Amino acid sequence: MKKILALLLVLCMTLSLAACGGKKEEPATTESVKETEEVTEEPAEESAEAKTIKVGVAIYKFDDNFMTVYREELQRYFEEDMSKDGVTYEVTVVDGKNDQAEQTNQIQNFIASGVDVIVANLVQSSAAASVINLCKDADIPVVFINREPTADDLALWDKVAYVGADARQSGTFQGEIINETPNKGDFNGDGKINYVMVVGDPENVDAKYRTEFSIKAVTDSGMQVEKLVEQRGDWDQAKGQEIVAQALTQYGKDVEVVFCNNDAMALGAYQAIEAAGRKVGEDIYLVGVDALDEAVAYVNEGKMTGTVLNDANGQSHKAAEVAALVVNGEAIEKNYTVDYVKVIKK
Ligand code: BGC
């Protein structure tokens with residue numbers, strides 16, 4: 001019996017040792033091979049001049065028609081067109097959800113994760129100085145897009161730039177589109193244009209300048225104007241629809257021109273115009289900005305009088321190119337401006 005027990009004990013010990021050995025050895029071998037492979041491969045790639053540039057893109061909110069076209073093209077351009085000759089751009093795009101505190105947090109996370117450059121479409125332009133200071137402390141360059149910081153903010157550091165468009169030009173083009181209509185925007189022939197202005201967001205220079213310069217262009221051409229309504233629509237289609245529906249209920253046929261600071265709100269305005277039984281080109285004019293595909297189709301169908309191309313391709317490409325320059329240690333300018341283009345029926 002003792003012998004059998006002793007035998008069993010020895011057997012058990014051998015088995016458990018074997019099991020142990022098996023457990024230890026197998027994964028250890030595969031792991032270590034993998035590790036060695038990884039360790040030896042990486043430097044080989046680096047020495048072949050492969051370079052990955054990490055880009056953090058912070059968008060003010062994803063739920064914005066124009067910024068959706070813009071951010072998709074920006075990412076595509078970095079990843080497809082700019083990633084070549086051993087350089088790969090790795091792009092992470094985040095949604096600020098229209099909340100500056102959330103966006104500042106996202107920018108801090110980009111900094112902590114060691115991105116090489118940040119592209120920022122701020123929720124509030126007034127946050128520029130604090131964002132620049134965060135980036136400066138970490139020595140991570142920042143390219144602002146779409147929402148323009150002040151010249152004083154841009155002067156805070158030499159690794160900061162703004163890529164955008166001059167909103168005065170877009171406002172002027174909107175006014176000129178009205179000047180170029182057969183009755184210059186005056187359907188009832190009383191010598192003045194009665195208008196509704198649907199404003200994006202009053203803190204934003206695009207909204208300020210479009211509001212101001214569209215009217216300046218018509219008054220510069222000698223027309224009188226009367227503002228019936230000027231209201232904030234937050235760049236949003238549903239709000240554009242509500243504002244114009246309300247204006248048409250209140251002022252009826254008196255409304256001759258609806259100026260919208262962007263196309264999303266103009267698409268909403270069109271819904272209200274149609275619901276009120278009004279006809280663009282026959283008893284009312286409607287203009288927007290951006291040249292979203294849908295708005296351009298509306299212009300060609302006569303549902304909108306015109307729009308202005310806000311060049312998302314041109315701006316996103318320039319932003320990516322400026323980001324590449326600054327990452328490569330080259331000198332950059334403070335401002336890069338892409339032209340707007342008037343869009344009327346073909
Ligand atoms: C565009 C708007 C957009 C806004 C966002 C403007 O330049 O025209 O459509 O909502 O930028 O900041």
Quiz item: What about residue 275, is it open to solvent by less than 60 Å² (accessible area, probe 1.4 Å) and at pLDDT 95 or above?
Solution: no
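Considering 233, 252, which residue is open to solvent by less than 60 Å² (accessible area, probe 1.4 Å), modelled with pLDDT of 95 or more, over 20 Å from residue 341 (Cα atoms) and within 12 Å of the ligand (Cβ to nearest atom)? Before the answer, list the steps.
Details: 252 fails: within 12 Å of the ligand (Cβ to nearest atom).
After applying the criteria, what remains is 233.
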Quiz item: Of 295, 266, 247, 207, which residue is touching a Cys at 6+ places or on another chain (Cβ under 7 Å) and either within 16 Å of the ligand (Cβ to nearest atom) or not assigned by TED's automatic domain parsing to the domain that holds residue 62 (or both)?
Solution: 266
Quiz item: Which residues, counting only those in region 315-337, are open to solvent by less than 20 Å² (accessible area, probe 1.4 Å) and either out of contact with any helix residue (DSSP H, G or I) (no Cβ under 9 Å at 6 or more places or on another chain) or closer than 28 Å to residue 296 by Cα (or both)?
Solution: 315, 316, 319, 320, 322, 326
Exercise. Find all pairs meeting these conditions: Cβ atoms under 9 angstrom apart; at least six residues apart or on different chains; first residue within region 315-326 and farther than 12 Å from residue 74 by Cα; second residue assigned to a helix (DSSP H, G or I) and open to solvent by 10 Å² or more (accessible area, probe 1.4 Å).
Key: 324/82
Quiz prompt | Among (1) open to solvent by less than 80 Å² (accessible area, probe 1.4 Å); (2) on the phi < 0 side of the Ramachandran plot; (3) within 16 Å of the ligand (Cβ to nearest atom), the one test that residue 221 misses | solution = (3)
Quiz item: Which pairs do you get when a residue that is assigned by TED's automatic domain parsing to the domain that holds residue 288 and within 16 Å of the ligand (Cβ to nearest atom), found in region 181-204, comes within reach of a residue that is among the small types (Gly, Ala, Ser) and open to solvent by less than 10 Å² (accessible area, probe 1.4 Å), reach meaning Cβ atoms under 7 angstrom, with the pair 6+ apart or on two chains?
Solution: 198/233; 198/240; 198/269; 199/207; 199/233; 200/207; 200/233; 201/207
Quiz item: Just checking, how many residues over region 299-311 are surrounded by fewer than 24 Cβ atoms within 10 Å (Cβ to Cβ) and within 15 Å of the ligand (Cβ to nearest atom)?
Solution: 2
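Taking the stated definitions as given, is residue 150 surrounded by fewer than 18 Cβ atoms within 10 Å (Cβ to Cβ), in contact with a Ser or Thr (Cβ under 8 Å, 6 or more places away or on another chain) and in contact (Cβ under 8 Å) with a residue 12 or more places away in the chain? Steps first, answer last, please.
Numbers: surrounded by fewer than 18 Cβ atoms within 10 Å (Cβ to Cβ): yes; in contact with a Ser or Thr (Cβ under 8 Å, 6 or more places away or on another chain): yes; in contact (Cβ under 8 Å) with a residue 12 or more places away in the chain: yes.
When the stated conditions are applied, residue 150 passes them.
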Practice problem: Determine the pairs where a residue that is assigned to a loop (DSSP other than H, G, I, E, B), located within region 123-134, has a partner that is modelled with pLDDT of 95 or more and open to solvent by 30 Å² or more (accessible area, probe 1.4 Å) with Cβ atoms under 7 Å apart, the partner being 6 or more residues away or on another chain. | Solution: 123/98; 123/99
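Taking residue 175, is it at pLDDT 95 or above and within 12 Å of the ligand (Cβ to nearest atom)? It would help to see each step written out before you state the result.
Details: at pLDDT 95 or above: yes; within 12 Å of the ligand (Cβ to nearest atom): no.
For residue 175, the condition - at pLDDT 95 or above and within 12 Å of the ligand (Cβ to nearest atom) - is not met.
Restrict the check to region 68-84 and report whether at least one residue is open to solvent by less than 20 Å² (accessible area, probe 1.4 Å) and within 16 Å of the ligand (Cβ to nearest atom).
Initially, region 68-84 is screened for residues open to solvent by less than 20 Å² (accessible area, probe 1.4 Å), giving 70, 74, 78.
After this cut, where a residue has to be within 16 Å of the ligand (Cβ to nearest atom) as well, the list is 70, 74.
So far as region 68-84 goes, yes, one or more of its residues are open to solvent by less than 20 Å² (accessible area, probe 1.4 Å) and within 16 Å of the ligand (Cβ to nearest atom).
Of the residues that sit in region 153-172 and are more than 16 Å from the ligand (Cβ to nearest atom) and part of a helix (DSSP H, G or I), which one is least open to solvent (accessible area, probe 1.4 Å)? Full working, then the answer.
The first filter runs over region 153-172 and keeps only residues more than 16 Å from the ligand (Cβ to nearest atom), leaving 153-161.
Subsequent filtering for residues that are part of a helix (DSSP H, G or I) retains 153-154.
On the way: 153: 26, 154: 5 Å².
This residue is 154.
The values are calculated or read from the model by the stated rules, or taken from the named source; none is laboratory data. All of these numbers come straight from a predicted model, not from anything done at the bench. Cβ: placed from backbone, ideal geometry, glycine included. Neighbour counts: every protein chain shown. Heavy atoms of the whole protein, side chains included, go into the accessibility calculation; ligands, DNA and RNA do not. Shrake-Rupley method; radii C 1.70, N 1.55, O 1.52, S 1.80 Å.
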